[in-house]
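Have a look at the structure below, then the notes.
The values are calculated or read from the model by the stated rules, or taken from the named source; none is laboratory data. On a predicted model such as this, the values are computed, not experimentally measured, just so you know. Every residue, glycine as well, gets a Cβ built from its backbone with ideal geometry; the counts of neighbours run over all protein chains shown.
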Amino acid sequence: MSALLEARNLVKRYGSVEALRGASFEVRAGEVVALIGDNGAGKSTLVKCLSGAERPDSGEILLEGRPVVLDSPTTARQLGIETVYQDLAVAPELDPAANLYLGRELRRGGLLGRLGMLDKAEMRRRAAEHFRTLGVQVQSLDVPIGALSGGQRQGVAVARAVVWANKVVFMDEPTAALGVVQRERVLDVIRRVRDTGVAVVLISHNMPEVQAVADRVEVLRLGRRVARFTAADVSLEQLVGAMTGALSQEDAA
Amino acid sequence: MSGDAETTNGTVVTGETAGTGAGNSTVDNEGGAGLPRRTAWQRLVGASTFWIGLVLVALYAVFSALSPNSFPTLYNFQTLLIEAAVLLVLSVGMTFVIITSGIDLSVGSVLVFAGVAGAMTMEAVSPGGDATQAGVGTIALGLLLSLVSGAAWGLLNGLLIARFKIPPLIVTLGSFGAALGAAQLLTGGVDVRTVPAALRDSLGFGQTFQVPHMVLVAAVVTLFGAWLLHTTTFGRYTFAIGSNEEAARRVGISVTRHLVFVYTFVGLLAGLAGFMSLAYFGTTTIAGHSTDNLNAIAATVLGGTSLFGGVGSVLGTVIGVFIPAVLQKGFVIVGVQPFWQPIAVSVVLVAAVWFDQKRRRARDSGR
């Protein structure tokens, strides 16, 4: 099966610092790929390049085999690529449905819709439906999401990305701030999304989590891809070895 | 608001305590409609608008009881509304700005400038520079000039704030001084006093079925503001930007453009307020609006709009406008020195903000 989203030899410099030195990456439809690496390996920069937040200095990005230019997050979203940010990026004073539809509000039919009137009831109904199918727990749809627990808030943030993503979802440490039970729920959502045929890229420092949910693992080190594994066959030692440079697969880059 | 997430449902299990794993993660909120919908009563008592509204009703009742012959009269009610009309128009605009977590200190000066621009235009096209006998065409031209000049100041504010990233406090402090200075330059510091009699009779003092036209205009503006804020995408983006500007930007909302629109809208309303003031007072009242900005901000915040952005309502602002107005009228009528009014308003204002802060802290640290 060919890659859905592929990066080839991306280079990104910030001043004299080379964050990416010819990094490659690929993810196929319907799989969870964990992107791991030590701090400063270039994970965040790579994700920013692939989600339109940054533009690489050189290299190629291909979506379904065709080269694409991701010049803004909006462009990426229009192509079906969504991102769940580490710092959530939700509007705490708005309710869950309003957050889910933020920037994509449903309007009423006819003249009222053309005047900009929102169809709140329909958004609420569909939001409840999305939360249900994704297994996202939301205690109430009528309170601002700032009043929800961290796990529920994260659930809404994840739901917002995956509801609209029809190709790829990037998740930057989606479980970092969560407790054990909440973490399990988010991983569950990730599996459900994968089962719908969307590609999920998970950035994580948590190796047991990576092994639990990922189908494949790609390892970055010093701005390059240094190893690729099938998650089922890989041991913790191999992952750590690849991240620290003790082990490398020459062919991976 | 902090406590209203809880007991609305006995049956729904909260996310944290429910079981884990792939198998049973959907059982908690069965069906889209299974989520609890708050009853009308719960919504009502959960809203800070409700409580501040009670304060207003209580004040009105107390003054009516203290002075049953002179306070609760039609005439008194009408004057109360007329005197609040101009401030209400300013405060509706201020509500939008504060919800974006901005501020506009310039509204009073823009009001003056717009009044001067309108009045001088009407004089300029009238024979002998006396606009007293001017007709409908001249009045319409004056209105247009007031609206355009108000909107222009708002546009300038918005561009400086949104595009050049200068803090709203500084930008509007600047235009607060500049707009007033410009108005004084245009007039040489002397109020324009020839205002068309037709304007004064129609808008300034006119009534239809006991409803003063000043009040009618303010009511239309208020209803339009409430519609825009609470039912349209424009309003939704206003809340979203105030709640989390970065999140709004990331979902593709054009934050810069929206902020420019919001400040232009406030300027436009200040222009309208300037024209209303002209019709009511029959002069440009250049020196009379130095605290309009603070009154509008106080009314907005009193009505439950948060200075931190993301929270607020037009209905709350209406109530916030009338609490000081009722206090003022009431104190005069029952014979308390009216100097108590600003003190009483300040106490209520500080208390309102304190409650807002407490609510936020409870929420942020809560769970």
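Yes or no: segment B:74-81 includes at least one residue that is away from chain A (no Cβ under 14 Å) and either modelled with pLDDT under 65 or surrounded by fewer than 14 Cβ atoms within 10 Å (Cβ to Cβ) (or both).
yes
Rundown of residues vs (1) surrounded by 20 or more Cβ atoms within 10 Å (Cβ to Cβ); (2) among the aromatic types (Phe, Trp, Tyr); (3) in the same structural domain as A:Asp172 (by TED's automatic domain parsing); (4) touching a Lys or Arg at 6+ places or on another chain (Cβ under 6 Å), yes/no style:
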site: A:Val27; (1), (2), (3), (4): yes, no, yes, no
site: A:Gly37; (1), (2), (3), (4): yes, no, yes, yes
site: A:Leu50; (1), (2), (3), (4): yes, no, yes, no
site: A:Gly103; (1), (2), (3), (4): yes, no, no, no
site: A:Gly116; (1), (2), (3), (4): no, no, no, no
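So which pairs qualify, if the first residue must be in segment A:12-37 and over 19 Å from A:Phe229 (Cα atoms), the second must be in a strand (DSSP E or B) and of a type in the set (Asp, Glu), the Cβ gap must be under 8 Å, and the two must be at least 6 apart or on different chains?
Final answer for the pair search is A:Lys12/A:Glu18.
Could you go through segment A:221-234 and let me know if any residue there is within 14 Å of chain B (Cβ to nearest Cβ), farther than 21 Å from A:Gly22 by Cβ and either over 16 Å from the mean Cα position of the chain (by Cα) or part of a loop (DSSP other than H, G, I, E, B) (or both).
No, segment A:221-234 contains no residue that is within 14 Å of chain B (Cβ to nearest Cβ), farther than 21 Å from A:Gly22 by Cβ and either over 16 Å from the mean Cα position of the chain (by Cα) or part of a loop (DSSP other than H, G, I, E, B) (or both).
Being in a helix (DSSP H, G or I), within 10 Å of chain B (Cβ to nearest Cβ) and not hydrophobic (A, V, I, L, M, F, W, C) is the requirement here; does A:Arg124 meet it?
So A:Arg124 fits the description; yes.
When you scan segment A:78-93, do you find a residue that is farther than 19 Å from B:Asn244 by Cβ, outside any loop (DSSP other than H, G, I, E, B) and either at pLDDT below 85 or of a type in the set (Gly, Ala, Ser) (or both), even just one?
No, because not a single residue in segment A:78-93 is farther than 19 Å from B:Asn244 by Cβ, outside any loop (DSSP other than H, G, I, E, B) and either at pLDDT below 85 or of a type in the set (Gly, Ala, Ser) (or both).
Mind listing whichever residues of segment A:54-78 are crowded, with 18+ Cβ neighbours inside 10 Å and in contact (Cβ under 8 Å) with a residue 24 or more places away in the chain?
Those that are crowded, with 18+ Cβ neighbours inside 10 Å and in contact (Cβ under 8 Å) with a residue 24 or more places away in the chain: A:Glu54, A:Pro56, A:Ile61, A:Leu63, A:Ala76, A:Arg77.
Looking at (1) free of Cβ contacts under 8 Å to residues at least 12 places away in the same chain; (2) out of contact with any Ser or Thr (no Cβ under 8 Å at 6 or more places or on another chain); (3) within 23 Å of B:Val112 (Cβ to Cβ), which is the one condition that is false for B:Pro212?
All conditions pass for B:Pro212, except number (1).
Restricting the search to segment A:211-241, which residues are under 18 Å from A:Gly30 (Cβ atoms) and in contact (Cβ under 8 Å) with a residue 60 or more places away in the chain?
A:Val213, A:Ala214, A:Asp215, A:Arg216, A:Val217, A:Glu218, A:Ala231
Say we look at segment A:86-96 and pick out the residues that are facing another protein chain (nearest Cβ under 10 Å) and in contact with a helix residue (DSSP H, G or I) (Cβ under 7 Å, 6 or more places away or on another chain); which of these is surrounded by the most Cβ atoms within 10 Å (Cβ to Cβ)? I'd like the intermediate steps shown before the answer.
Just the residues of segment A:86-96 that are facing another protein chain (nearest Cβ under 10 Å), to begin with: A:87-94, A:96.
With the extra rule that they be in contact with a helix residue (DSSP H, G or I) (Cβ under 7 Å, 6 or more places away or on another chain), the set shrinks to A:88-94, A:96.
Working: A:Leu88: 21, A:Ala89: 20, A:Val90: 28, A:Ala91: 27, A:Pro92: 20, A:Glu93: 25, A:Leu94: 24, A:Pro96: 30.
Top of the filtered list is A:Pro96.
Pick from B:Ile333, B:Ile297, B:Ile343: which is out of contact with any strand residue (DSSP E or B) (no Cβ under 7 Å at 6 or more places or on another chain), farther than 22 Å from B:Thr231 by Cα and surrounded by 20 or more Cβ atoms within 10 Å (Cβ to Cβ)?
Numbers: B:Ile333 fails: surrounded by 20 or more Cβ atoms within 10 Å (Cβ to Cβ); B:Ile343 fails: surrounded by 20 or more Cβ atoms within 10 Å (Cβ to Cβ).
None of the other options fit; the residue is B:Ile297.
How do the pairs read when you match residues in segment B:67-78 that are under 18 Å from B:Val215 (Cα atoms) with residues anywhere that are β-branched (Val, Ile, Thr) and part of a helix (DSSP H, G or I), using Cβ under 8 Å and keeping only pairs 6 or more apart or on different chains?
That search, which allows pairs on different chains as well, returns B:Asn76/B:Ile333; B:Gln78/B:Val215.
Taking the condition under 18 Å from the mean Cα position of the chain (by Cα), assigned to a loop (DSSP other than H, G, I, E, B) and crowded, with 20+ Cβ neighbours inside 10 Å, does A:Leu141 pass?
no
Could you tell me whether any residue of segment A:180-194 is β-branched (Val, Ile, Thr), within 19 Å of the chain's Cα centre (by Cα) and surrounded by fewer than 21 Cβ atoms within 10 Å (Cβ to Cβ)? Reasoning before the result, please.
Taking segment A:180-194 and keeping what is β-branched (Val, Ile, Thr), we get A:180-181, A:186, A:189-190, A:193.
This time we only want the ones that are within 19 Å of the chain's Cα centre (by Cα), so: A:186, A:189-190, A:193.
Still in the running and surrounded by fewer than 21 Cβ atoms within 10 Å (Cβ to Cβ): none.
Looking through segment A:180-194, none of the residues is β-branched (Val, Ile, Thr), within 19 Å of the chain's Cα centre (by Cα) and surrounded by fewer than 21 Cβ atoms within 10 Å (Cβ to Cβ).
Among the residues of segment A:167-186, how many are touching a residue at least 12 places away in the same chain (Cβ under 8 Å), within 11 Å of another protein chain (Cβ to nearest Cβ) and in contact with a Ser or Thr (Cβ under 7 Å, 6 or more places away or on another chain)?
Matching residues across segment A:167-186 total 4.
In segment A:224-245, which residue that is in contact with a helix residue (DSSP H, G or I) (Cβ under 8 Å, 6 or more places away or on another chain) and of a type outside the set (D, E, K, R) is surrounded by the fewest Cβ atoms within 10 Å (Cβ to Cβ)?
So, considering only residues that are in contact with a helix residue (DSSP H, G or I) (Cβ under 8 Å, 6 or more places away or on another chain) and of a type outside the set (D, E, K, R), the one surrounded by the fewest Cβ atoms within 10 Å (Cβ to Cβ) is A:Leu236.
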